[in-house]
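Asker: Once you've had a glance at the structure underneath, I'll fire off some questions.
The values are calculated or read from the model by the stated rules, or taken from the named source; none is laboratory data. Because the structure is a prediction, the values reported are computed rather than measured. Cβ placement follows ideal geometry from the backbone for every residue including glycine, while neighbour counts extend to all protein chains displayed.
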Amino acid sequence: MHNRYLSVSNRFHFFLAIIFFIVVLNANVLFSQDKTSPLQQFWQAAQSGDLASVERAIEEKIDVNAKTEYGVTALSMASDHGHESIVALLIEKGADPNTKDRFYQISPVGWAVSRGHVGIVGRLIDAGATDLDTALGGAVGMKNEAMISKILGTKKASEKAMIASLRAAISMKSSSIEELLAKEMSDVAKAEARKEVPNAAMPSTPMVSPENAPKNVIELRDDFSFGSRNWPQFRGWMSRGVGSPTSTDGGAALPDTWDGESMENIAWKCSIPGLGTSSPIVWGDQVFITTAIRDGDTQGFRVGPYGDVESVASNGECRFLLMSISLSDGKEQWQKELNRAVPKVKRHAKSSHANPTPATDGKHVVASYAGEGVYCCNMQGDLIWSRDLGMLDSGWFYDKSYQWGFGSSPCIFEDLVILQCDCQEGSFITALDIRTGDERWRTPREEIPTWGSPVAFVADDGTPTVIVSGTKCTAAYHARTGAVLWQMGGFSEIVVPTPQVTRDLSILCSGYAPVRPIVALRHGARGILKLPSDKESDPSIAWSLERAGPYMPTPLIQNNKLYVLENSGILSCYALESGKQVFKQRVRSDIANAYTASPVALDGKLYLVSEAGLTFVVAMDAEGTVVSKNAIGESVLASPAIAKGLLLLRGEKHLFAIGKKS
C-alpha cells in the first residue's frame with residue numbers, strides 16, 4: 001500500500017481513499033535537463049513507446065533498473081503508458097517487477113492498474129509482481145472486472161485486502177464485482193466484510209489597506225480585522241479573504257441561507273461564457289472577471305475527491321475575455337477580447353485557460369493568461385498595453401508531459417504589477433510598470449511549478465516587501481528592486497496556498513502529502529532560512545507545525561486566529577500567536593466532499609464553498625459552529641469575493657451575487 005500517505009484501515013473510507021490515491025496518481029518522471037544522456041534517452045523511449053530505441057539501449061548495456069531522480073524505472077514508465085511490448089522486453093532483460101519509486105512508493109503493477117492495462121498487469125504478475133493487494137484495491141476502485149479476475153486468479157491477494165475490496169464493492173453498489181470477490185472468499189471473510197459498511201465518503205488525497213492610501217501602498221494595521229470595501233485582487237486586499245463589515249460598508253447583512261434553484265436570497269446571477277477558475281474582483285460598481293472560450297473544449301470541470309494528473313485534450317482556438325459586470329444589478333457592462341490563440345499548454349480537469357484572478361487599482365485592470373499574455377485595460381475596457389511573458393508551462397513536477405494550467409494571480413503594488421511565474425523551466429518573479437507594461441525588474445527562481453500568488457506590503461521597518469510561496473523557494477523580495485530578502489526551501493512538491501500576512505508575521509504553508517508545514521515567520525527574517533523541525537528552529541520563526549498545512553485552499557486570518565481548510569473538508573483553527581489548535585472539525589457532506597476554493601469571512605462568519613457548489617456558513621466562535629448549508633446548483637472552483645454586503649460566487653456557468661435583492 002501507499003505507506004507514505006495512508007495505511008489500510010478496517011473502516012471503509014480510509015481504504016477507499018487509498019484506492020483512489022493509487023488509481024489516479026499516475027506517475028512517470030521529472031526528466032533532467034540533459035536531453036542527450038543515454039539514460040535520459042532510454043527513459044524517454046520507454047515512456048513514449050519507442051521499442052527500437054529501448055532495444056538499442058539494451059544492446060549497449062544500459063542498466064534496465066536504473067532509476068530517475070524520483071526512483072522511477074523504465075518498467076514503471078512503460079507500465080504506466082501502456083507499452084506492453086516494451087514491458088515484455090524489459091522483463092525479459094531482468095527488469096525488477098517489484099521496484100517502487102521513492103516518492104509515491106508504487107510498483108509497476110500499481111501504475112498499470114491505474115491505467116487499466118490488463119495485459120501488462122498479467123505480464124507483471126507472471127514475472128513475479130507481489131504488490132497484489134494494491135493492485136486489487138485499485139482494480140476495484142476502477143471497476144475493472146477483467147483486471148479483478150486476473151488478480152483473483154493468482155490466489156495471492158491477502159484476506160485483509162479481499163475484505164476491504166468487498167466492502168468497497170458493496171458501498172459502490174456493484175453487484176457484479178461483489179459476486180466476483182465473494183466467490184474467492186471464505187464465509188467468515190464475507191461476513192466480516194459485510195459488517196457496518198459505511199456510506200462512501202472519500203476525502204481528497206492528494207489561501208490592508210484603505211482605498212485612499214497614497215500610491216496604493218498596502219500598510220499593515222494594528223486592527224487586523226479591517227477589510228476593504230473593494231475587492232481588488234485574488235481574495236481582496238493582500239489576499240486576506242476578509243470583507244469590510246456591512247455596518248460600515250453600506251450593504252445589508254449577508255443572509256445565512258440561499259438557494260440557486262428558487263433564487264432565494266440571490267440578488268442576481270449573470271451568465272459567464274466559456275470556462276474559468278479565476279475569481280471575480282470588485283471596484284466600485286464594477287465586477288471584473290476573466291474567461292476563456294474554446295469551442296473544442298466541452299468537458300467542463302470534473303469535480304470531486306480525486307487526484308487525477310491527466311490533462312484535458314482539446315483542439316482549436318481559444319478566445320480570452322475580460323468582462324465588466326455591474327455589482328448593483330448583475331448586468332454586463334462590457335467585454336473585451338484580449339487575445340485569440342491556440343493555448344500553448346493543456347489544462348487539468350479542475351483547471352481552465354483562465355485561472356489567474358485579475359487585479360485592479362481603480363484605474364487599471366490587469367488580466368493574466370500566463371503564456372497567452374498579460375494585458376492592462378482602463379476601467380472602460382480599452383487596452384493600454386500587453387506583454388508576452390513566454391512559455392509558462394505549469395504541470396506535474398513528476399512528469400512534464402502532464403500540463404495543468406498556470407494559476408498564479410497578479411498583484412498591484414504602488415505602480416507595479418507583480419507576477420510570480422513558477423513553471424517547468426526558467427521560473428522567475430517580475431514587476432511590470434502598470435502604466436506601460438515595461439519590465440522594472442526580474443529575479444530568477446530555482447523553482448518547480450507552483451500555483452500561489454504574490455502578496456505585497458510595506459513592513460514596519462519601511463521595507464517594501466513581496467512574499468511568495470514555493471517548494472524550493474518560498475521567499476521575500478524587495479518589492480521595488482527584486483532583491484532577495486530571505487528564502488526558505490523544503491515545502492511540499494506541489495504548492496498552491498498563497499502566503500498570509502499580519503503586522504508581525506508571514507504565514508507560509510503547503511499541504512501536498514507527506515510534507516505539510518505551516519510556518520509563522522517574523523518579518524525581520526533575512527538570508528537563507530531552514531524549514532524548522534521538531535529538534536531545531538530559527539529565531540526568525542515564531543512557531544511552526546509539521547503536518548497541518550492545506551493542499552489547495554489558502555488559509556484565512558482574523559481576530560488573531562488562523563483558519564485552515566483542507567481539501568477533504570477538515571476545518572482547523574489555530575491561535576495566531578502560538579500555533580496552538582483551538583478546534584478541528586469536519587465541514588463536509590456526501591455531496592460536499594472536496595474543496596478547491598479558499599475560505600472568505602464577513603461579519604464574524606466563514607464561507608466555505610465546496611466544489612459541488614454547496615457553501616457552509618460557519619460561525620467564527622470557539623467551536624466553529626455550522627450555521628447553514630446552501631447550494632447554487634453549479635460546481636465552484638473559484639474563490640469567492642465580497643463587496644457591499646454581497647457574496648460573489650463564480651459557478652461553472654454563472655456568477656451569483658448572494659444577498660438581499662434591492
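Asker: Working only within the range 295-326, note down all residues that are in a loop (DSSP other than H, G, I, E, B), among the aliphatic types (A, V, I, L, M) and out of contact with any Phe, Trp or Tyr (no Cβ under 9 Å at 6 or more places or on another chain).
Answerer: V303, A313
Asker: Now, a different point. Does A631 meet the test of being more than 13 Å from T257 (Cα to Cα) and in the same structural domain as F288 (by TED's automatic domain parsing)?
Answerer: Taking the combined requirement at face value, the residue does not satisfy it.
Asker: On to the next question. Could you please let me know if L166 is farther than 18 Å from N98 by Cβ and more than 33 Å from the chain's Cα centre (by Cα)? Before the answer, list the steps.
Answerer: Values: farther than 18 Å from N98 by Cβ: yes; more than 33 Å from the chain's Cα centre (by Cα): no.
No, not satisfied.
Asker: Taking the criterion of being over 18 Å from the mean Cα position of the chain (by Cα), under 17 Å from Q500 (Cβ atoms) and at pLDDT below 95, would at least one residue in the range 523-536 satisfy it?
Answerer: yes
Asker: Here is a list of conditions, (1) out of contact with any Asp or Glu (no Cβ under 7 Å at 6 or more places or on another chain); (2) over 17 Å from R526 (Cβ atoms); (3) surrounded by fewer than 20 Cβ atoms within 10 Å (Cβ to Cβ), and T463 meets all of them except one; can you say which number that is?
Answerer: (2)
Okay, residues lined up against (1) surrounded by 20 or more Cβ atoms within 10 Å (Cβ to Cβ); (2) in contact with a helix residue (DSSP H, G or I) (Cβ under 7 Å, 6 or more places away or on another chain); (3) more than 30 Å from S314 (Cα to Cα):
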{"residue": "Y402", "(1), (2), (3)": "no, no, no"}
{"residue": "G405", "(1), (2), (3)": "yes, no, no"}
{"residue": "C411", "(1), (2), (3)": "yes, no, yes"}
{"residue": "Q420", "(1), (2), (3)": "yes, no, no"}
{"residue": "G426", "(1), (2), (3)": "no, no, no"}
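Asker: With the structure loaded, tell me whether W441 is in the same structural domain as T357 (by TED's automatic domain parsing) and within 20 Å of P555 (Cβ to Cβ) or whether it fails that test. Even if it seems obvious, please write down each step before you answer.
Answerer: Working: in the same structural domain as T357 (by TED's automatic domain parsing): yes; within 20 Å of P555 (Cβ to Cβ): no.
Spelling it out, it is not the case that W441 is in the same structural domain as T357 (by TED's automatic domain parsing) and within 20 Å of P555 (Cβ to Cβ).
Asker: Consider Y70 carefully, then state whether it is aromatic (F, W, Y) and surrounded by fewer than 20 Cβ atoms within 10 Å (Cβ to Cβ).
Answerer: In short, yes.
Asker: Right, something else. Here is a check on your reading of the model: is G316 under 27 Å from the mean Cα position of the chain (by Cα) and surrounded by 20 or more Cβ atoms within 10 Å (Cβ to Cβ)?
Answerer: So G316 fails the test.
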